[in-house]
């Protein structure tokens, strides 16, 4: 069976991109995407996967509109099944069936995070932002009727799909690459996109007040994106105990996961949080905010700590883990193993078979 995966963008490295590559490897599928950054793709060990780029989005400010248009115009009839990964890929559903929509989250700028993004939007751009959301949301919702089956990556996402898309969905937790423990080093690790809702400033301030603890931050953002201003601001004048490495190769990421002391992340109401599972697979305890998908993967006080989204709470959890980072290793590795690729492939193949038989 020939499978094609439509995925929004491949401009930066994040959980969605890594997940798409894992699915493509498992199903021997081709990936159809936009804004394919070959340098970043090579860093993600994409050898052997065919990636079809629908084009570069030359106007970053309206990249969501351009990506939606490219998926709507795309036509790839020579596949037996289609997986829609992301949000703008939904626009490919009409011409590509049977299909399933693997939903990370309904578009947060359209729904639960609308007021947040409206608030941080420059005054001169607010009217355009509001118009874009109003019209693009309506068009996207009309295209939902062409989706044959919806899968959510977490209970958190499932609730949003029901609330905002008025669709029932089945939960299949994403497959997460398993990393290997090497040692407990002298640094904490944060792997994240540099976007406002990731609240990186909380981590930076916590470690600023803990000068004896070291933090390494890994991750980036798409060029021309709305995150550029935030990234410049939050990464400016970092204290000496914090190092920002930007986007790194998969080989270097393996070393960082394997040798860090522990892991920290602070994303607001995270859809799921693959980076947390990655860290636990390497035997490392995690400090996360007590919100969203983190509640579904982190076992409080056993694989790390679920804490309030404030600097003091983060500091207290960091201190607790730093006293005995090895005490969490066994529980972390056992929990991470629940999200391996074999379990995912079995479940996704059953869904695909069911969709095909129903049509």
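The values are calculated or read from the model by the stated rules, or taken from the named source; none is laboratory data. Predicted, not measured: the structure shown is a model, and the values here were computed from it. For neighbour counting, all protein chains shown are included, and Cβ atoms are generated from backbone atoms with ideal geometry for every residue, glycine included.
Remark: pairs (first residue in segment 210-221, at pLDDT 95 or above; second residue buried (at least 20 other Cβ atoms within 10 Å of the Cβ) and assigned to a loop (DSSP other than H, G, I, E, B); Cβ separation under 9 Å; 6+ apart in sequence or on different chains) = 213/261; 214/261; 216/260; 217/192; 217/194; 218/192.
For segment 79-94, check the following and say yes or no: at least one residue is in the same structural domain as residue 21 (by TED's automatic domain parsing), without any contact (Cβ under 8 Å) to a residue 24 or more places away in the chain, at negative phi and more than 21 Å from the chain's Cα centre (by Cα). No; the residues of segment 79-94 include none that is in the same structural domain as residue 21 (by TED's automatic domain parsing), without any contact (Cβ under 8 Å) to a residue 24 or more places away in the chain, at negative phi and more than 21 Å from the chain's Cα centre (by Cα). Looking across segment 227-260, the residues that are in a helix (DSSP H, G or I), in contact (Cβ under 8 Å) with a residue 60 or more places away in the chain and over 19 Å from the mean Cα position of the chain (by Cα) come down to 255, 258, 259. The residue that is surrounded by the most Cβ atoms within 10 Å (Cβ to Cβ), among those in segment 19-34 that are over 13 Å from residue 6 (Cβ atoms) and in contact with a helix residue (DSSP H, G or I) (Cβ under 7 Å, 6 or more places away or on another chain), is 19. Filtering 128, 110, 135 for residues that are modelled with pLDDT of 95 or more, in a helix (DSSP H, G or I) and out of contact with any strand residue (DSSP E or B) (no Cβ under 6 Å at 6 or more places or on another chain) leaves a single hit, 135.
Please tell me if residue 243 is crowded, with 20+ Cβ neighbours inside 10 Å, in the same structural domain as residue 202 (by TED's automatic domain parsing) and either under 20 Å from residue 211 (Cα atoms) or touching a helix residue (DSSP H, G or I) at 6+ places or on another chain (Cβ under 7 Å) (or both). So residue 243 does not fit the description; no.
Per this entry, residue 263 is not counted among residues that are at pLDDT below 95, buried (at least 21 other Cβ atoms within 10 Å of the Cβ) and either part of a helix (DSSP H, G or I) or under 17 Å from the mean Cα position of the chain (by Cα) (or both).
Name the residues in segment 268-282 that are within 19 Å of residue 215 (Cβ to Cβ) and either surrounded by fewer than 24 Cβ atoms within 10 Å (Cβ to Cβ) or over 17 Å from the mean Cα position of the chain (by Cα) (or both), would you? Correct list: 282 only.
The set of residues in segment 66-79 being buried (at least 16 other Cβ atoms within 10 Å of the Cβ) and outside any loop (DSSP other than H, G, I, E, B) consists of 66, 67, 68, 69, 70, 71, 72.
Examine segment 38-61 for a residue that is in a helix (DSSP H, G or I) and under 27 Å from residue 132 (Cα atoms), and state whether such a residue exists. Looking for residues that are in a helix (DSSP H, G or I) and under 27 Å from residue 132 (Cα atoms), one finds at least one in segment 38-61, hence yes. Scanning segment 332-359 for residues that are farther than 20 Å from residue 153 by Cβ and surrounded by 15 or more Cβ atoms within 10 Å (Cβ to Cβ) returns 332, 333. Across segment 162-214, the number of residues qualifying as touching a strand residue (DSSP E or B) at 6+ places or on another chain (Cβ under 6 Å) and within 30 Å of residue 145 (Cα to Cα) comes to 5.
Considering each residue of segment 167-187 in turn, none proves to be closer than 19 Å to residue 265 by Cβ and assigned to a helix (DSSP H, G or I).
When 235, 253 are checked against the criterion of being outside the structural domain of residue 44 (by TED's automatic domain parsing), in contact with a strand residue (DSSP E or B) (Cβ under 9 Å, 6 or more places away or on another chain) and at pLDDT below 95, 235 stands alone in meeting it.
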